[in-house]
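Here is the structure we will look at.
The values are calculated or read from the model by the stated rules, or taken from the named source; none is laboratory data. Please read all numbers here as calculations on a predicted model, not as lab measurements. FYI the Cβ positions are ideal-geometry reconstructions off the backbone, even for glycines, and counts take in every protein chain you see.
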Amino acid sequence: MITPDFSQDFINQYRVTDPASFKLADMETQTSHFAKGKEARAVSTSNAETIAELSHKLYGEAKRSLLIVLQGMDTSGKDGTTAAIFNRTPPLNVKVASFKAPSKEELSHDYLWRVHNVCPGKGDITVFNRSHYEDVLVVKVRNFAPANKVELRYEQINNFEKHLTENGTTVLKFMLHLSHEVQGVRLKERLIEPHKLWKFNPGDLEDRKLWPQFMDAYETMVKRTSTDHAPWHVIPSDSRSRRGAIISSIVRKTLQDMDPQYPDPGFKLEDFEI
């Protein structure tokens, strides 16, 4: 069996520890980790089994929570990543929240209102499939809000995430870094393969035309919001299997470091007649 690499050197290849000097163009969309896709899938399977055990302990402990943020361009693999991490975990305390165009009610509040409402409670794990970062990405690129308001949001988001971490939520953020070429291939797949056709949205092609602007927005996002309490991890995502293996390894390591424990309620067999 392939042993997952949990070393700090491995994680630091993807974690943004020096945001001031970060350049997205320097980050690869492919990785040399795992010689074959089969090896990567074996690592993901091993990780998923351990994550299932740790998730149950986190639920039983009911003192802390984990928030996983997945942000990336269309077809970068947010659904597939979630499956790779949690395909062995019963849906007891794992939830997925997705963020589309805000509703009328959501627009009547500040932009983080709907986000805070779906953050994980104690003992829970929540995956954000897209996230509050849409408000400094698509909102910025498509000019859905004035530039001066978008500018304020980077620090507001940093403060929001710090508030979460100071109140018992560990925040893991992953940018799924996809190449323009591979996105084109995957968009074509959605028009060819029947089980993917439902995912195709002509609007995705409009965003594709704005690829350089989106890449600039992503670079600014990482530079401005990769913090000590909630750093970004930029994950090469041209390979589905390798993407899943890397992210599941980081999630597993994070849960192991959290070290959740089942509580002892103090019951003894001899105290009960069964």
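Quick notes on this structure:
- Helices (runs of 4 or more DSSP H) fully within segment 107-184 counting 1 or more residues that are in contact with an Asp or Glu (Cβ under 6 Å, 6 or more places away or on another chain) and surrounded by 13 or more Cβ atoms within 10 Å (Cβ to Cβ): 113-116, 147-166
- Test: residue in segment 195-214 that is in contact (Cβ under 8 Å) with a residue 40 or more places away in the chain, crowded, with 18+ Cβ neighbours inside 10 Å and not in a helix (DSSP H, G or I): no
- Only one entry of 85, 68 meets the criterion of being part of a helix (DSSP H, G or I) and closer than 29 Å to residue 160 by Cα, and that entry is 85.
- Here residue 144 passes the criteria (1) within 20 Å of the chain's Cα centre (by Cα); (2) under 19 Å from residue 71 (Cβ atoms) except the one numbered (1).
- Which numbered condition residue 60 misses (of (1) surrounded by fewer than 18 Cβ atoms within 10 Å (Cβ to Cβ); (2) of a type outside the set (Asp, Glu); (3) assigned to a helix (DSSP H, G or I); (4) at pLDDT below 95): (4)
- Figure legend. Inter-residue proximity from segment 126-150: first residues farther than 23 Å from residue 95 by Cβ, second residues of a type in the set (S, T, N, Q), beta-carbon distance below 8 Å, spacing 6+ or different chains. Indicated pairs: 136/220; 136/225; 141/213.
- Some residue of segment 7-19 being polar (S, T, N, Q) and touching a Leu at 6+ places or on another chain (Cβ under 8 Å): no
- Looking only at segment 14-31, and only at residues there that are surrounded by 17 or more Cβ atoms within 10 Å (Cβ to Cβ) and more than 18 Å from the chain's Cα centre (by Cα), the one that is farthest from residue 250 (Cα to Cα): 22
- For residue 262, the criteria (1) out of contact with any Asp or Glu (no Cβ under 9 Å at 6 or more places or on another chain); (2) in a loop (DSSP other than H, G, I, E, B) hold in every case but one, which is (1).
- Among the residues of segment 32-56, those that are over 18 Å from residue 82 (Cα atoms) and either buried (at least 19 other Cβ atoms within 10 Å of the Cβ) or over 21 Å from the mean Cα position of the chain (by Cα) (or both) comprise 32, 34, 35, 36, 38, 39.
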